[in-house]
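Undergrad: Here it is, the structure, as structure tokens.
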Amino acid sequence: MRLPEEPDTPVFINITSLIDVTFSILAFFILSTLFLAQNLGLSVNLPKANNAKALKSIKVALTVDKAGKVALNKNAIAVEEIAPKIKEFVSKSQGNDVVVSLEADEDTRHGNVVAVMDKLRGIDGIKMAIRTRKLQQLQPK
């Protein structure tokens, strides 16, 4: 018995669905990494600086908004309560340094920022960082 001959058609792999799956996975990873970057502080307009550096781990965000109101990790707090609250973080840190990121609106009064820094200066076991934005270009107001 003679079997019919098969025509010589080229064999190909349809990769259309593979490309769709690849782009879907890529989009998932891009979107998920955007949600991993958490901002602990309130939304303020940060001042610009030439030597702005990103911190790898921020444990405590202390924010002073334009009106001079202070927030600790997005929770409103009085200036007098700063030291006891930060000392709680230090006691829970088990001997590790606590990084306090001071985020002050560029339009806030200088005295408000100095009052907060004065409270932080008296606390042992913390490192203080002043958060800024990278200076793109000097623009007059």
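Just so it is clear, none of the values below were taken in a lab; they were calculated from the coordinates. From a predicted model like this one, the values you see are computed outputs, not experimental measurements. Glycine also receives a Cβ, built like all others from the backbone with ideal geometry; neighbour counts cover every protein chain displayed.
Undergrad: Going down the list Lys59/Lys87; Lys69/Lys127; Lys66/Lys87, which pairs span over 24 Å between their C-alpha atoms?
TA: Lys66/Lys87
Undergrad: Among the aspartates and glutamates, which have Cα under 16 Å from the Cα of Lys74 when same-chain residues fewer than 8 positions away are ignored?
TA: Cross-link targets: Asp65, Glu103, Asp105.
Undergrad: Name the residue from Ala78, Asn112, Asn50 whose Cα lies farthest towards the positive end of the charge dipole of segment 48-134, charges +1 on Cβ of Lys and Arg and -1 on Cβ of Asp and Glu.
TA: After comparing all options, I get Asn50.
Undergrad: I've got another one for you. For segment 48-134, what's the radius of gyration and Dmax over Cα atoms, in angstrom?
TA: According to the Cα coordinates of segment 48-134, Rg and Dmax are 12.6, 37 Å.
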